[in-house]
Amino acid sequence: MADFPKIITSRYGLPQSHTLKVAEQHGAYSAARMAFTTMKPEQIAVEVKDANIRGRGGAGFPAGVKWGFLPKDSKVAPYLVINADEGEPGTFKDRTLMELDPHRLVEGCLIAMRAVGAHVCYIYVRCELVTSIQRLEAAIEEASERGYVGKQPFGVDHATQIYVHMGAGAYICGEETALLNSLEGMRGEPRLKPPFPAVKGAFGAPTVVNNVETIASVPDIIRMGGKAWSDQSRLPRDGGTRLYGVSGHVKTPGVYEAPVGLTLRELIYDLGGGMLHADRPLKAVIPGGSSTPVLRPGDLVNAPDPAHPLHAWHGKSHIDVPMGVDTFRALGTMLGTCCAIVMDDSVNMVEAARNLMHFYSHESCGQCTPCREGTGWLHDVLENLCEGKGKLQDIDLLVDIANNMMGNTICAFADGTAMPMLGFLQKFRDEFVVVAKSGVPPHSLGATVRALGGVS
Amino acid sequence: MTFTLSVESEKIVDELLTRYPTQRAACLPLLHLCQRQEGWVSPGVVAYVAKRLGMPTSEVTGVVTFYTMYHQQPVAPNVVWVCRTLSCDLRGGREIQKHLEKRLGCGVGGTSKDGKFSLKTAECLAACGQAPMVQINDDFHENLTLDGLDRIIDELSAKTAAAAPASGDAAQKAEPADAAARVRAKTLMGIGNS
């Protein structure tokens, strides 16, 4: 297996890595000390911009640019809000940071608060992640006792407070304005934009909302320097290393750190240990959480034009294109959270789509009609198809419903449902035709618990 | 129907209210705290939270009905959440669900015959690399086998029998590994108070 540098995961695997004692012995808070005592807030922001870090929550927006959207002349201090509502199917990376190295996140929060002038930070964690919540609370407590969180961090007059706020079970609260409503004690329904959170976010104040991994990368960016950190990547304008997840039909599912620009082939066959069953080849992979359209290994990049962003990979398999925000957009999918769901040839794609559309119909907040109705209809039609009660016209109905959801709602949830639905339909239409005639056979999702036996 | 929070928990609420610029922002954590004590969000809890935070009961109800982790009906002392989303389903999640239905003698949404377990399905619980998995009360059980699952249910079943059956789910919590974390969490969130 490739030997990549361990940066954000440098403390993973140490005994008691979640405690201040161990974390500090291994470098924690040295970057925060530097940021508070030797750097101006603007300098911190410049390093983060130079780091070319694209938001790790799924949208891939440059974090440095996002900070820059805060109004310069605001009389009210901004809030920093950390999105730890990890819930995108297939995604399980932020949890490792909160459980194994909560001090890295706390340190990142401190530096970010210094950079944007915030005094209060809320970490919004989904309530199911009890260990993450406990470890974060303990880390904040330890850092407060040491004075790192408090009135004068590192002797500097910049008061800081960090609070953990528990969600209550709603995927939509990962959408930043839904998260803010939830933080304010309301139903987690996304807000109309504008105003954007940078102008009017939590409690009416300017607010930066960043993902856990994005902020946990900030201490390393400060320690190494933005440019050096950025250069860890294999791609331009998309810097650093990042956490990759791999689940489904691979031998060693898990979370791994690697440079930005790893290929899905490396993720599946090197880090993921290869396909679970030797006689069951890769059929499809959802590259970065369930909202990202599915890819097939047999599809080749068609980019003969030298000006095409994927020209360098012309003629190569889609799973050999480096995973980056821009490259995967050019490929017609999205990088998302960089956590791949791997499916072997035993998987019936209509069944897989049914599973995911059940998720979306359960999680739609119901505020916008195209999404509330559309997600329900997609699931009902798929249910009929899978149960052998479908008809051929249902396939076009699915396309029609999905097209009517796209771009017609307050937030990106409907698009995040319609895009993967259309992806399944485009790439596996033949399979939908077969299922429309005869339903799906039982055991259409590959591995069973018994077959996996002994794993515990 | 009347609900009152314990004196100890009232202190937590006072502290919670210092965290936010508005009272209402404490709504979610306060509901969690009440559910820990009562076992579910009863009409009495809704009335209490509304009064404590100066909100109409209709708005508190609006919050309660939006989020899946607030129980709107009483539940058994142990709540078993089976993850049903794709990564788990690809590695036998459905079999785990069927096994539990058979073992507990109830369907999803139901309660086991002995009244010790409520069975529910959950959407992705961020444990995809350790599929299949279930969450029982506060604990994740990952990389499950059917035998392993049986052992977990046996253990919990024995513990639940030993405790008074009506004492709510807090009595059956496994001891959290991290004592320092527990103290802090106990003070501020009311979780982990086993």
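Select, from A:P304, A:P309, A:P322, A:P293, the only residue that is in the same structural domain as A:V260 (by TED's automatic domain parsing) and closer than 18 Å to A:D430 by Cβ. Spell out the reasoning first.
Working: A:P304 fails: closer than 18 Å to A:D430 by Cβ; A:P309 fails: closer than 18 Å to A:D430 by Cβ; A:P322 fails: closer than 18 Å to A:D430 by Cβ.
Being in the same structural domain as A:V260 (by TED's automatic domain parsing) and closer than 18 Å to A:D430 by Cβ holds for just one of A:P304, A:P309, A:P322, A:P293, which is A:P293.
In the set A:D305, A:D326, which member is of a type in the set (D, E), over 23 Å from B:S87 (Cα atoms), in a helix (DSSP H, G or I) and open to solvent by 30 Å² or more (accessible area, probe 1.4 Å)?
So the residue among A:D305, A:D326 that is of a type in the set (D, E), over 23 Å from B:S87 (Cα atoms), in a helix (DSSP H, G or I) and open to solvent by 30 Å² or more (accessible area, probe 1.4 Å) is A:D326.
This table checks each residue for (1) more than 16 Å from the chain's Cα centre (by Cα); (2) of a type in the set (A, V, I, L, M); (3) under 21 Å from B:C124 (Cα atoms).
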{"position": "A:A198", "(1), (2), (3)": "yes, yes, no"}
{"position": "A:K227", "(1), (2), (3)": "yes, no, no"}
{"position": "A:G240", "(1), (2), (3)": "no, no, no"}
{"position": "A:V246", "(1), (2), (3)": "no, yes, yes"}
{"position": "A:Y256", "(1), (2), (3)": "no, no, yes"}
{"position": "A:T263", "(1), (2), (3)": "yes, no, no"}
{"position": "A:R280", "(1), (2), (3)": "yes, no, no"}
{"position": "A:P293", "(1), (2), (3)": "no, no, yes"}
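Just wondering, is there one or more residues in the range A:21-35 that are away from every other protein chain (no Cβ under 14 Å), buried (at least 17 other Cβ atoms within 10 Å of the Cβ) and outside any helix (DSSP H, G or I)?
Yes, that holds for at least one residue.
Search the range B:38-48 for residues being open to solvent by 20 Å² or more (accessible area, probe 1.4 Å) and under 12 Å from the mean Cα position of the chain (by Cα), and hand back the single one that is nearest to A:G87 (Cα to Cα).
Of everything passing the filter in the range B:38-48, B:W40 is nearest to A:G87 (Cα to Cα).
Please go through (1) over 17 Å from A:L445 (Cα atoms); (2) more than 10 Å from chain B (Cβ to nearest Cβ) for A:Y360 and return the number of the only condition it doesn't satisfy.
All conditions pass for A:Y360, except number (2).
Tally time: how many residues in the range B:77-131 are free of Cβ contacts under 8 Å to residues at least 40 places away in the same chain, in a loop (DSSP other than H, G, I, E, B) and either away from chain A (no Cβ under 11 Å) or on the phi > 0 side of the Ramachandran plot (or both)?
9
From the list A:A352, A:A402, A:A418, A:A414, which one is in a helix (DSSP H, G or I) and touching a strand residue (DSSP E or B) at 6+ places or on another chain (Cβ under 7 Å)?
Going through A:A352, A:A402, A:A418, A:A414 in turn, just one is in a helix (DSSP H, G or I) and touching a strand residue (DSSP E or B) at 6+ places or on another chain (Cβ under 7 Å): A:A352.
Report the residue count in the range A:235-292 for those that are under 19 Å from A:A312 (Cβ atoms) and β-branched (V, I, T).
Qualifying residue count, the range A:235-292: 2.
Given the conditions (1) within 14 Å of chain B (Cβ to nearest Cβ); (2) buried (at least 22 other Cβ atoms within 10 Å of the Cβ); (3) closer than 24 Å to A:R187 by Cβ, report the number of the one that A:G374 does not fulfil.
With respect to (1) within 14 Å of chain B (Cβ to nearest Cβ); (2) buried (at least 22 other Cβ atoms within 10 Å of the Cβ); (3) closer than 24 Å to A:R187 by Cβ, A:G374 is out only on (1).
How many residues are within 23 Å of A:H358 (Cα to Cα), surrounded by 22 or more Cβ atoms within 10 Å (Cβ to Cβ) and in contact with a helix residue (DSSP H, G or I) (Cβ under 8 Å, 6 or more places away or on another chain) when one looks only at the range B:65-84?
4
What do you reckon, is A:D394 open to solvent by 10 Å² or more (accessible area, probe 1.4 Å), more than 14 Å from every other protein chain (Cβ to nearest Cβ), under 30 Å from A:M186 (Cβ atoms) and part of a helix (DSSP H, G or I)?
Considered against the rule, which asks whether it is open to solvent by 10 Å² or more (accessible area, probe 1.4 Å), more than 14 Å from every other protein chain (Cβ to nearest Cβ), under 30 Å from A:M186 (Cβ atoms) and part of a helix (DSSP H, G or I), A:D394 comes out as no.
How many of the residues in the range A:47-97 are within 13 Å of chain B (Cβ to nearest Cβ), open to solvent by less than 20 Å² (accessible area, probe 1.4 Å), outside any helix (DSSP H, G or I) and of a type in the set (D, E, K, R)?
Summing the residues that are within 13 Å of chain B (Cβ to nearest Cβ), open to solvent by less than 20 Å² (accessible area, probe 1.4 Å), outside any helix (DSSP H, G or I) and of a type in the set (D, E, K, R) in the range A:47-97 gives 3.
Considering the range B:29-46 alone, what residues qualify as being over 15 Å from B:S9 (Cβ atoms) and part of a helix (DSSP H, G or I)?
Of everything in the range B:29-46, those that are over 15 Å from B:S9 (Cβ atoms) and part of a helix (DSSP H, G or I) turn out to be B:P43, B:V46.
If you scan the range A:275-290, which residues turn out to be crowded, with 24+ Cβ neighbours inside 10 Å and touching a Ser or Thr at 6+ places or on another chain (Cβ under 7 Å)?
Within the range A:275-290, A:I286, A:P287, A:G288, A:G289 qualify.
Give just the number: which of (1) under 22 Å from the mean Cα position of the chain (by Cα); (2) at pLDDT 95 or above; (3) more than 10 Å from every other protein chain (Cβ to nearest Cβ) does B:K51 not satisfy?
Just one mismatch for B:K51, condition (1).
Please specify each residue of the range A:154-188 satisfying the condition of being of a type in the set (S, T, N, Q) and closer than 30 Å to A:M39 by Cα.
A:T160, A:Q161, listed by residue number.
With respect to the numbered conditions (1) touching a Pro at 6+ places or on another chain (Cβ under 9 Å); (2) buried (at least 19 other Cβ atoms within 10 Å of the Cβ); (3) not assigned by TED's automatic domain parsing to the domain that holds B:I152, which one is the sole condition not fulfilled by B:S87?
So B:S87 meets the others, but not (3).
For the range A:110-223, which helices (runs of 4 or more DSSP H) that fit wholly inside it have 2 or more residues that are facing another protein chain (nearest Cβ under 10 Å) and of a type in the set (D, E)?
Of the helices (runs of 4 or more DSSP H) lying wholly inside the range A:110-223, those with at least 2 residues that are facing another protein chain (nearest Cβ under 10 Å) and of a type in the set (D, E) span A:130-145.
The values are calculated or read from the model by the stated rules, or taken from the named source; none is laboratory data. Keep in mind it's a predicted model, so treat the numbers as computed, not measured. Using ideal geometry, Cβ is built from the backbone for each residue, glycine included, and neighbour counts are taken over all protein chains shown. Remember, those area values only see protein heavy atoms, side chains included, never the ligands or the DNA or RNA. Shrake-Rupley method; radii C 1.70, N 1.55, O 1.52, S 1.80 Å.
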